[in-house]
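Structure record follows, encoded as structure tokens.
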Amino acid sequence: MALALNNKATIIGSLLALSAGKASYSLIQMKRDSTRINENQEKHGGKLVANTFKAHGITHVFTLTGGHISPILVECERSGINVIDTRHEVTAVYAADAMARLTGKCGVALVTSGPGLTNTITAVENAHLAESPLLLISGAAPLVQHNRGALQDIDHAGLMKTVCKYSKKVFTVRDIVPEIRKAIKIALSGVPGPVFLEIPYDVLYSYEHVKQALVPSATLSRFPITNISLWRRQYQLFDIFHNAWDGSYSYDDFNDKYYAPIQPDIPHYSNCQFKKAVNLIANAKKPILVLGSQVMLPPVQPEELKEAVLKLNMPTFMSGMARGLLSDKETEQTNKNIQFRFVRKQALKEADLIIIAGLPVDFRISFGRGFNPKAKIIAVNRSVDALNMNTDIYWKPTVKVHSDCGIFLNDLSKSEKVTSREFSAEFCANLRKLELEEKDKLAKKVAEAQNVESIGKVNPLVFLSKLNEKIEQARVREQKDIIIVADGGDFIGTAAKFVWPTKPLQWLDPGLFGTLGVGGGFALAAKLVANENKRNCDVWLLYGDGTAGYSIAEVDTFVRHKLQVNICIGNDSCWAQVCRQQKPLFDGSEVACPLEDRHYEVVGAGYGGKGILIGSCKPEEGETPDKKNEETNFTSYVIEQKLTEFFDMKNNFSNRPMIMNVMIDGGSIEKFRKTAKYI
Ligand SMILES: Cc1ncc(C[n+]2csc(CCOP(=O)(O)OP(=O)(O)O)c2C)c(N)n1
Ligand SMILES: [Mg+2]
């Protein structure tokens with residue numbers, strides 16, 4: 001029915017078009033334009049896409065292949081762009097997201113039409129909420145077959161509208177380059193985020209191929225009316241390729257200005273906002289600085305921002321991508337240890353000035369509920385929505401600064417009035433005391449755990465503190481950078497207490513969306529960025545066991561691309577974080593939470609990685625129990641030995657992913673998480 005209507009509409013439309021003198025595209029014009037299309041032309045849209053990527057400095061694209069996007073993939077490879085193929089489209093987008101976070105450039109993912117695209121939705125929304133700029137391109141059914149039952153013919157651009165800043169279908173070859181340039185500009189402007197372009201098959205492939213494959217010439221009928229559909233298809237074909245290669249730009253040279261990036265729009269504070277902020281800081285005795293992911297966005301580089309924050313010289317709390325901006329060691333050496341991790345709640349309660357930059361006042365900071373009601377507040381954000389979030393209930397900014405955070409903080413740090421202010425030494429000393437007490441409490445918990453027998457299962461606190469020690473040793477001894485990717489529930493929340501980055505851009509987690517499954521893609525991008533910059537860098541991927549299931553197949557991707565990612569799975573055979581919260585509320589029900597002991601190290605090895613098991617794993621039916629592991633007391637000494645074995649193996653297989661399946665005692669984590677105050 002829809003088809004019949006459509007055909008009817010087509011016929012009427014074509015008749016109108018033909019009869020109206022002002023028709024956008026008449027037969028005469030079509031005839032004239034056809035001379036501009038060289039029918040033996042092998043030029044195609046994929047090359048234009050690759051050229052535009054090159055011009056934008058894109059070094060990697062992530063994908064899972066499909067015939068609809070072959071022209072782009074082939075041309076990217078020919079142009080020297082690394083084409084990284086994954087085992088799930090969602091991974092390709094997570095990787096593009098992480099690439100953007102780590103490099104400040106727009107990440108790129110390419111997927112095929114239909115299910116290739118629908119598989120990405122979670123990752124696109126994750127990037128949307130994490131304010132991460134990425135360009136996703138999907139293929140699409142040919143325009144000339146639209147609504148005629150072609151494979152995967154859905155409204156891709158319509159589907160992506162709600163999760164993207166910009167979502168558009170590209171209808172002609174001449175629109176490819178302008179649309180990509182515009183989309184990337186939008187992704188990087190204002191509050192960064194994902195953008196989407198749908199490029200149909202007949203816009204990407206060569207004219208010759210499209211004509212032969214999709215619009216074969218048919219014999220004209222004696223009855224003109226029956227020729228209208230045929231003419232319409234030819235009209236479509238001409239329109240797609242009209243002015244495609246008109247000689248106004250170079251097809252071969254990506255340096256042609258036709259492909260060049262468009263400068264993004266970055267919000268900048270006003271003089272009035274700046275002056276107000278300076279005065280508030282100059283008069284504050286107990287100021288604190290709270291930094292979120294957005295502060296890491298370009299144009300200010302991390303090192304420059306770090307210097308600015310050190311000059312601002314006030315107790316500083318970092319979350320998201322800002323973690324690691326300051327390192328304890330450096331700040332201790334310069335006698336300016338302004339980094340705090342454990343006492344944000346107390347600091348927010350006692351501060352007389354709170355500068356909150358690049359972090360929306362959302363659940364991650366208790367919606368602003370715990371802010372000292374008498375404190376002055378300077379809120380800095382690229383998003384107007386973020387500056388207003390929850391201001392009707394829990395907090396009120398004294399000054400709202402709509403600006404890039406790095407630029408604002410950098411400029412503040414140059415103000416004499418700000419840097420020469422007097423602050424309360426007592427306030428800082430008190431916070432430091434509380435911070436050290438919290439650290440001591442953690443150390444005590446580990447010490448207590450060390451004294452408890454741990455037969456068969458590994459105590460997670462002892463394990464994590466040992467793992468951290470080992471990573472630290474490698475960091476210092478081998479002068480390694482360490483990037484940590486966190487993906488999971490309670491095990492990861494606990495790990496975050498022990499493992500902490502010491503440099504900026506070395507910690508990756510999902511962010512606001514709380515998305516299990518980011519691990520494989522994030523770790524993939526992290527290792528590629530490190531290799532690209534020739535850094536001596538270990539990437540650690542910390543998984544909960546449940547979460548490992550989402551992306552463990554990417555071990556295969558790491559193997560194929562010769563990337564060593566060190567995977568550590570905290571295996572409590574449970575979706576523990578949910579279980580812990582569900583049980584007390586629902587009369588002890590654990591429904592849907594338990595998992596089984598599984599040999600993830602064997603799964604990883606099956607994909608070509610190298611794996612070891614630490615702790616005992618219940619045997620499958622018919623398997624002989626591993627008595628040795630079951631009876632071992634996993635003291636810190638034994639854990640240390642196992643970790644040494646892992647590190648030795650990892651050094652011997654420098655290009656292979658490593659998997660450590662750690663059978664942890666879930667009860668200990670449950671107790672720790674229940675009693676830990678600031679998680
Ligand atoms: C995609 C997705 N699905 C489900 C959840 C809900 N969820 C939050 S934590 C969690 C448990 C994670 O289990 P695991 O990875 O084993 O870590 P554990 O808590 O056991 O340490 C679940 C299912 C989520 N956040 N994201
Ligand atoms: Mg678990």
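Summary table
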| read-out | value |
| --- | --- |
| C-alpha center-to-center spacing [the stretch 214-230, the stretch 117-169] in angstrom | 33 |
| Using a Förster distance of 41 Å, the FRET efficiency for residue 262-residue 586 (Cβ separation, nearest 0.05) | 0.15 |
| Projected label distance in nm at residue 229 and residue 362, using a 7 Å step from Cα toward the beta-carbon | 4.9 |
| Lone cysteines, the chain (no partner Cβ under 4.7 Å) | 76, 106, 164, 272, 405, 428, 537, 568, 574, 617 |
| Debye, to nearest 20: dipole size of the stretch 599-679, +1 on Lys, Arg Cβ, -1 on Asp, Glu Cβ | 480 |
| Per residue, in Å², the accessible surface of the chain once ligands and nucleic acids are set aside, probe 1.4 Å | 43 |
| Residues with amide H under 5 Å from that of residue 377, placed H, sequence gap 5 or more | 354, 398, 399 |
| Debye, to nearest 20: dipole size of the chain, +1 on Lys, Arg Cβ, -1 on Asp, Glu Cβ | 2060 |
| Relative contact order %, the chain, counting alpha carbon pairs below 8 Å whose residues are six or more apart | 12 |
| Under 5 Å, built H, 5+ apart or other chain: amide partners of residue 565 | 658 |
| Surface/4 estimate of mean projected area, convex hull on alpha-carbon atoms of the chain, nm² | 36.5 |
| Farthest positive-ward along the chain dipole, Cα basis, beta-carbon charges - from 397, 613, 343 | 397 |
| Peptide ranges 385-393, 514-522 listed from the most packed, as the mean C-beta count within 10 angstrom indicates | 514-522, 385-393 |
| Spacing of the two label points (7 Å from each Cα toward its C-beta) at residue 220 and residue 336, in nm | 8.0 |
| Listed residue (591, 547, 321) projecting farthest to the positive dipole end of the chain, Cβ model | 321 |
| Relative contact order %, the stretch 457-538, counting alpha carbon pairs below 8 Å whose residues are six or more apart | 34 |
| Calculated FRET value between residue 279 and residue 595, using beta carbons and R₀ = 60 Å, to 0.05 | 0.60 |
| Extreme residue, positive dipole direction of the chain, given options 95, 229, 60 (C-beta unit charges) | 229 |
| About the Cα centre, charge dipole magnitude for the stretch 269-380 (Lys/Arg +1, Asp/Glu -1 at Cβ), debye | 480 |
| Segments 182-194, 367-379 sorted - mean Cβ within 10 Å per residue, highest first | 182-194, 367-379 |
| Förster-model FRET efficiency, 41 Å R0, residue 602 and residue 384, C-beta, rounded to 0.05 | 0.20 |
| Pair residue 349, residue 121: separation of 7 Å Cα→Cβ label points (nm) | 4.3 |
| Hydrodynamic radius by Kirkwood, which averages 1/r over all alpha carbon pairs of the stretch 46-202, in angstrom | 14.9 |
| Cα-Cα over 23 Å, subset of 618/642; 534/650; 349/417; 480/562; 47/105; 345/583 | 349/417; 345/583 |
| Sites matching trypsin sites (Lys or Arg not before Pro) across the stretch 203-300 that sit in DSSP coil, with at most 14 neighbouring C-beta atoms within 10 Å | 222, 285 |
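The values are calculated or read from the model by the stated rules, or taken from the named source; none is laboratory data. Because the structure is predicted, anything quoted here is derived from the model rather than measured. All Cβ positions, glycine included, derive from the backbone under ideal geometry; neighbour counts span all protein chains shown. Surface areas here come from the heavy atoms of the whole protein model, side chains and all, with no ligands, DNA or RNA. Shrake-Rupley method; radii C 1.70, N 1.55, O 1.52, S 1.80 Å.
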